[in-house]
1. Please give the per residue accessible area of the chain, computed with a probe of 1.4 Å over protein heavy atoms only, in Å².
2. With label points built 7 Å along Cα→Cβ from the Cα atoms of LYS2 and SER260, find their separation and express it in nm.
3. In vacuum, with every alpha carbon of segment 163-256 counted as one equal point scatterer, what does the Debye formula give for log10 I(q)/I(0) at q = 0.15, 0.19, 0.20, 0.23 Å⁻¹? Two decimals, please.
4. Given a 1.4 Å probe and every protein chain left where it sits, what share in percent of the accessible area of segment 1-131 is carbon and sulfur?
5. With a 1.4 Å probe and all protein chains in place, put HIS189, HIS263, HIS237 in order of accessible area, largest first.
6. So which lysines can LYS11 reach, going by Cα to Cα under 20 Å and dropping same-chain residues fewer than 8 places off?
7. GLU137 to GLN95: extension gain in nm, 0.36 nm per residue of separation minus the Cα-Cα distance?
8. Report, to the nearest 10°, how far helix 178-193 tilts away from the longest principal axis of the Cα atoms in the chain, using its own Cα long axis and a range of 0 to 90°.
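The values are calculated or read from the model by the stated rules, or taken from the named source; none is laboratory data. A quick note: this is a predicted structure, and the numbers were derived from the prediction, not measured. Here the Cβ is made from the backbone with ideal geometry for all residues, glycine too, and neighbour counts use every protein chain on show. Just so you know, the surface numbers come from the protein's heavy atoms only, side chains and all, with ligands and any DNA or RNA stripped out. Shrake-Rupley method; radii C 1.70, N 1.55, O 1.52, S 1.80 Å.
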Amino acid sequence: MKALTLADKIKKLTNAYGVSGDEFRVAKIAAELMEPYCDRVETDDFGNVFGYRDCGIPGAKTVMLDAHIDQIGFLVTEVTDEGFLRFTTVGGVDQRMLLGSELTVLTKKGPILGIVAAIPPHLQKAGDNKKSVPIPEMVVDIGMTGDQAKKAVRVGDYMAFANDAMELQGDALCGKAFDDRACLVCLLHAMDLLQGKPLAVNVVVSASTKEETGFQGGISAGFKIQPEYAIAVDVTHARTADAPNVLKELGDGADISIGSNSHPAFARKVVEICRAKQVPHRVDACPSASGTNAWTMQMMQSGICTLVISLPLKYMHSPVEVLRLKDVDSVGRCLAEFAMSFDGRL
């Protein structure tokens with residue numbers, strides 16, 4: 001069987017549905033992708049997936065590499081008598097981009113395609129096109145009557161953006177849920193590069209859940225694994241036309257954070273390794289909470305030493321997130337070179 005490319009793995013993960021709280025479909029795919037690179041793979045009742053690579057040295061320290069596999073999305077709150085679905089958001093969704101969006105309703109009997117209804121400009125009142133519609137006023141049209149819709153959809157069914165990942169020019173990919181499943185691919189790439197290489201530390205890959213709604217998966221992963229060191233790999237904003245003040249660009253490579261959620265000696269060691277091995281990277285100052293799983297794992301009773309490494313991404317929390325495969329490779333190489341060089345001491 002032909003080996004999957006980085007793009008193939010991203011598509012396989014992000015074309016699946018796994019809104020925060022309902023990540024089990026994606027967890028199954030994550031476990032399958034981990035198996036070739038790990039000594040063993042486990043999935044817990046929370047939906048977290050763990051892949052273990054043991055170094056074979058008694059008393060060796062453990063490094064956990066974490067990326068979350070949930071995505072932003074929606075929950076059905078009402079099925080109306082007219083057959084429309086009212087909904088609420090799961091995670092940080094910008095209501096301005098929803099009108100006219102295609103959503104997949106994840107029902108017990110299978111997925112149903114729907115669209116967020118949009119009032120034609122001909123029927124709008126003066127000034128309507130200058131304001132965003134509040135989510136409580138939006139509905140999803142699934143093309144059913146009220147009776148049909150109430151038989152097919154239940155309150156509490158999840159919904160997600162319906163689009164699949166697509167390739168743009170060069171090595172750019174566009175799609176949903178790159179935050180943060182593309183970072184899981186970075187971890188898989190690192191584990192691929194580590195195959196057959198001797199290590200002085202144990203490495204655990206964590207595909208964690210529920211980050212978008214409160215970091216619960218990262219917390220439970222930290223308690224389960226109890227690593228001495230943990231690297232939270234998440235996305236970071238890349239410069240766009242409407243955000244010219246962002247310093248990072250697609251193609252800059254691994255973004256290594258220095259600040260309150262990154263132990264300074266940990267960060268500096270990774271930077272030194274990247275420089276020595278000529279891995280594309282940049283250093284980012286993040287003085288306050290990073291908004292990643294490192295933020296909560298750092299505060300655990302066990303005192304995990306954490307670091308944040310990020311993948312540059314455009315249009316975060318939208319169905320058209322954009323990344324470059326060059327950066328996925330750089331983040332994976334950064335993690336692999338660190339794991340090969342690290343003896344468990346900073």
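1. Ligands and nucleic acids excluded, the figure is 44 Å² per residue.
2. 4.9
3. -0.81, -1.16, -1.22, -1.36
4. 53
5. HIS237, HIS263, HIS189
6. Candidates past the 8-residue exclusion: LYS2, LYS28, LYS176, LYS314, LYS326.
7. 14.0 nm
8. Helix 178-193 sits roughly 30 degrees off the main axis of the chain.
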